[in-house]
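The next block holds one structure in the form of structure tokens; read it before the comments.
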Amino acid sequence: MNFQFPDLTPVLPEAFLVLGALLLLLIDLSIKNKNATAFISLVLLMVTGFTVYSTPSGVTFGGMFSVDAYSSFFKYIFILSAAMAILVSGRYLRWRNEEHGEYYTLILLSTAGMMIMASAADLITIYLGLELMALSTYVLAGFIRGEVKSNESALKYFLLGAFSSAFLLYGISLIYGLTGITRLNLVASAISESGLVDNPVLFMALLMFVVAFGFKVAAAPFHMWAPDVYEGAPTPVTAFMSVGPKAAGFAVMARVFLVALHSLQADWTTVLVPIAILTMAVGNIIALSQQNIKRMLAYSSIAHAGYALIGLITGTSAGISAMMNYLIIYAFMNIGAFSIVIILDKGRVPASSDRLDNFKGLAKTHPVPAFLMLIFMFSLTGIPPTAGFMGKFYLFMNAVEAGYTFVVLAAVFFSVISAYFYLRVVKFMYMEEPEEGEIPAASMSTAPVSITIVLAVTALAVLLIGVYPEALLAMAKNSALIF
Amino acid sequence: MLPKLFFFYFAAMITGLSVLVVTRKNPVHSVLWMLLLFFNIAGLYLFLNAEMIAIIQVIVYAGAILVLFLFVVLLLDLKKEIAGEQYTDIWSIAVSLVAGLFLLVIITFQAFEIADSEPVMLSDLGQPDAIGRMLYTEYLFPFEITSVILLVAIIGAIVLAKRKLKE
């Protein structure tokens with residue numbers, strides 16, 4: 001038996017984060033002030049971010065795990081969204097008497113799962129990373145134990161998530177049966193060598209992958225869970241899972257489709273084009289009738305999955321870079337919008353929180369949050385000079401260059417529709433009077449410093465990327481070069 | 001011929017028992033049918049020369065998990081369960097969707113060809129030490145991730161179930 005111990009350098013960031021999270025679980029026992037736990041978890045994330053930066057590219061564990069610019073780019077997105085989610089969590093949990101250290105441990109472990117997904121070069125690793133991420137998020141969704149909606153959210157997410165995992169496993173087993181291997185690059189060569197391209201079983205496997213990943217990124221028609229889960233979960237968790245797991249889903253999707261199944265590109269584009277259009281349609285049209293801001297943002301997040309899919313459909317390196325660029329911009333604007341929702345949270349009267357009507361007259365009572373919300377809504381619509389415009393612009397440009405003009409036309413059409421519900425929030429804030437007896441719970445002055453930091457960072461990022469997108473674009477372009 | 005006969009026996013049993021599990025009105029009956037289902041799956045593993053996996057199937061699934069299931073069922077209000085509606089209104093749509101998928105699988109699987117990959121020693125497959133060696137060498141990384149996943153499950157169970165509910 002000659003077994004060589006694998007090189008551990010490439011997995012250093014993940015190993016550090018997991019060990020750190022476990023240590024935090026222990027230390028937390030002796031910490032009374034949970035703000036300290038949150039602070040330690042932020043430090044852990046920062047150090048992880050630094051190790052991601054300093055880890056050289058490489059492959060380890062017999063090719064199951066690969067570190068490259070592509071995976072590192074996604075890891076930054078995950079770490080950033082986790083850090084911002086932690087920053088906005090404290091007061092929300094405290095107001096519900098649910099401040100526990102395990103919350104932060106679970107966010108860290110979920111982030112570790114996403115990082116494993118981004119680096120996974122083997123179908124087994126992909127599945128396990130996905131389960132680690134998902135299982136932690138299920139628990140986080142049900143974290144407010146006394147609220148029925150939170151319970152419902154966790155249960156729905158868990159049952160449907162387990163269902164979608166079964167599809168993924170079925171797809172993996174079909175691929176393994178056909179090729180005898182699970183390593184992504186070897187699957188690709190096995191497919192071309194044994195002439196499996198036209199095999200209908202391989203196409204079945206492809207469909208299974210589309211179902212499973214479609215569920216994770218909440219693409220229609222696999223989006224049904226998203227509104228209920230997003231509405232019921234604690235708002236900081238909603239902010240986290242509408243960004244991190246979604247980006248992780250796209251990271252894996254691009255790698256599986258472009259590396260393992262690249263010879264089936266014609267097939268998966270045919271499957272994904274109608275899904276992308278349907279996703280944009282469902283997300284943008286149903287969002288029009290929502291009265292709850294979290295449900296509205298849930299449908300908006302479905303719609304944005306549709307836009308990001310356009311980048312994947314092009315199947316080119318440039319298209320993937322536009323998708324990555326869009327995902328990071330989406331992370332900023334979406335977490336920003338959710339932070340405003342958290343600021344307006346009333347905590348002690350959960351029934352009247354999160355109503356869209358709470359935004360009425362906000363500009364008069366609280367001008368600063370109203371203005372920030374205006375920026376995020378403009379960005380989500382895609383109005384220049386915000387980052388959302390730049391993100392969409394590069395996505396659409398690359399898709400047109402790759403010959404998908406009709407998809408872009410549909411996307412532009414649905415973007416116009418989306419303006420109605422995004423700008424309705426703006427109209428509520430600036431053109432209507434506050435409701436009688438409804439005083440929004442908080443303002444910028446009473447908001448905790450941590451939320452202020454997140455708002456400042458997200459708003460600045462949205463404006464800065466909107467004006468000067470070159471640096472981010474160059475980084476995304478470099479990271480997508482592996483395809 | 002004989003292997004095929006065995007396979008079809010187990011396959012038919014598994015399919016039939018699965019249908020019984022989801023169609024029984026009394027949850028206790030469902031769980032007991034599931035016990036039989038697990039034994040049949042174990043039989044299929046045994047038939048593939050995977051004794052180790054067959055034994056794990058019996059000990060873990062038929063033994064541990066099923067007992068847990070029974071405990072959960074005992075916590076239910078059985079009379080209420082039986083009196084209530086068993087299916088939602090859209091069950092016919094669901095059945096036709098599943099039937100369609102099943103048909104699709106049958107049609108496409110005519111083209112299934114098993115890869116002539118490096119031969120896995122069939123006699124090795126059932127050996128605990130062969131499985132252990134693989135887990136600790138070639139599949140060390142997935143093995144480690146699995147351990148973290150199990151830990152998350154434990155943390156999650158404690159977080160969701162053990163904390164006191166506020167009044």
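The values are calculated or read from the model by the stated rules, or taken from the named source; none is laboratory data. This is a predicted model, so every value here is computed, not measured. Note that each Cβ is placed from the backbone with ideal geometry, even for glycine, and that neighbours are counted across all protein chains shown. These accessible areas exclude ligands, DNA and RNA; they are computed on the full protein's heavy atoms, side chains included. Shrake-Rupley method; radii C 1.70, N 1.55, O 1.52, S 1.80 Å.
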Calculate for the protein assembly as shown the 222 nm mean residue ellipticity that helices alone would give, adding -39,500 (n - 2.57) per DSSP H run of length 4 or more and normalising by residue count, nearest 500 deg cm²/dmol.
-24000 deg cm²/dmol
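Do any of A:246/A:294; A:75/A:216; A:364/A:392; A:216/A:294; B:25/B:162 go past 20 Å between their Cα atoms, and which? Before the final figure, lay out each step's value.
Working: A:246/A:294 17 Å; A:75/A:216 17 Å; A:364/A:392 32 Å; A:216/A:294 18 Å; B:25/B:162 31 Å.
Result: A:364/A:392; B:25/B:162 exceed 20 Å.
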Leaving out ligands, DNA and RNA but keeping every protein chain, what accessible area does residue A:261 have, in Å² rounded to the nearest 10, with a 1.4 Å probe?
0 Å²
Scalar couplings 3J(HN,Hα) for the range A:418-431 by Karplus 6.51 cos²θ - 1.76 cosθ + 1.60 (θ = phi - 60°), nearest whole Hz, x for Gly and Pro, are 4, 4, 4, 7, 5, 6, 4, 4, 4, 4, 4, 6, 9, 10
Solvent exposure ordering (accessible area, 1.4 Å, most first) of B:55, A:313, A:40
B:55, A:40, A:313
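Note the full-extension length gain between residue B:4 and residue B:89 as 0.36 nm times their separation in residues minus their Cα-Cα distance, in nm to one decimal.
26.7 nm
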For the pair residue A:36 and residue B:157, the simple spin-label estimate (label points 7 Å beyond Cα toward Cβ) gives in nm 3.1 nm
1/(1 + (r/R0)^6) with r = Cβ-Cβ of residue B:55 and residue B:30, R0 = 35 Å, i.e. FRET efficiency to nearest 0.05, evaluates to 0.90
The long-range amide H neighbours of residue A:122, using H built 1.01 Å from N in the peptide plane and a cut-off of under 5 Å, are A:184
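Give me the number: length gained by fully extending residue A:471 to residue A:197, i.e. 0.36 nm times residue separation minus the C-alpha to C-alpha distance, one decimal in nm. Walk me through the numbers before you get to the answer.
Numbers: separation 274, 0.36 × 274 = 98.64 nm, distance 3.90 nm.
Stretched out fully, the residue A:471 to residue A:197 stretch lengthens by 94.7 nm.
Would you mind getting me the FRET efficiency between residue A:291 and residue A:432? Use the beta-carbon distance for r and R0 = 22 Å, nearest 0.05.
The value I calculate is 0.90.
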At 1.4 Å probe size, with no ligands or nucleic acids counted, give the accessible surface of residue A:401 in Å², nearest ten.
140 Å²
Out of every Cα pair in the range A:158-220, what percent are spaced more than 16 Å from each other?
46 percent
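Averaged across the residues of A:175-184, what count of C-beta atoms belonging to other chains lies within 10 Å of each residue's C-beta? Working shown, then result.
Values: counts 1, 2, 6, 5, 3, 7, 3, 1, 0, 0.
Per residue, the average neighbour count from other chains is 3.
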Evaluate the distance, in nm, between pseudo-label points positioned 7 Å from the Cα of residue A:365 and of residue A:19 along their respective Cα→Cβ axes.
5.0 nm
Computed magnitude of the charge dipole of the protein assembly as shown (debye, nearest 20; Cβ of K, R +1, Cβ of D, E -1):
1460 debye
Tell me, in nm to one decimal, what length is gained between residue A:9 and residue A:29 on full extension, where the rule is 0.36 nm per residue of separation less the Cα-Cα distance?
4.1 nm
Could you rank B:147, A:300 by how accessible they are, 1.4 Å probe, largest area first?
B:147, A:300
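May I ask for the accessible area buried between chains B and A, both sides summed, probe 1.4 Å, to the nearest 100 Å²?
On the way: alone 13780 and 17970 Å², together 28250 Å².
Interface area, both chains combined: 3500 Å², rounded to the nearest 100.
Kindly report the accessible area of the range A:9-482 per residue (heavy atoms of protein chains, probe 1.4 Å, no ligands, DNA or RNA), in Å².
On the way: 15360 Å² over 474 residues.
Accessible surface, normalised per residue, equals 32 Å².
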Taking beta carbons within 10 Å but only from partner chains, what does the mean come to for residues A:185-197?
1
Table column - 3J(HN,Hα) (Hz), the range A:262-274, Karplus curve with 6.51, -1.76, 1.60, x for Gly and Pro:
5, 6, 9, 3, 4, 5, 6, 5, 4, 6, 7, 4, x
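For a quick protection proxy, order the peptides A:468-474, A:250-256, A:95-101 by their average other-Cβ count within 10 Å, most packed first. If you can, show how the numbers build up before the last one.
Values: A:468-474: 14.3, A:250-256: 25.4, A:95-101: 17.3.
By packing density, highest mean first, the sequence is A:250-256, A:95-101, A:468-474.
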Complex-versus-alone comparison for the range A:1-42, residues with a loss of 40 Å² or more in accessible area, probe 1.4 Å
A:1, A:3
Any chance you could look up the accessible area of residue A:50 with a 1.4 Å probe, heavy atoms only, rounded to 10 Å²?
130 Å²
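Give me the percent relative contact order of the range A:251-399, please, defined on Cα pairs under 8 angstrom at least 6 residues apart. Don't skip to the answer; put the middle values down first.
On the way: 154 pairs, mean separation 34.4, N = 149.
Answer for the range A:251-399 is 23 percent.
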Per principal axis, largest first, the Cα atoms of the range A:1-159 extend in Å by 54, 34, 32
How compact and how long is the range A:9-482, expressed as Rg and Dmax of its alpha-carbon atoms in Å?
21.2, 72
Mean projected area in nm² (Cα convex hull; one quarter of hull surface) for chain B:
14.8 nm²
Give me the one-decimal nm value for the distance between modelled label points at residue B:144 and residue A:54, 7 Å along each residue's Cα-to-Cβ direction.
1.9 nm
Residues whose modelled amide H sits under 5 Å from the amide H of residue A:292, counting only those 5 or more places away in sequence or on another chain, are A:356
In order over the range A:467-479: 3J(HN,Hα) from phi, Karplus 6.51/-1.76/1.60, θ = phi - 60°, whole Hz, x for each Gly or Pro, gives 8, 10, x, 4, 4, 5, 4, 4, 5, 4, 4, 4, 6
To the nearest whole number, what is the average tally of beta carbon atoms from other chains within 10 Å of the beta carbons of peptide B:151-162?
6
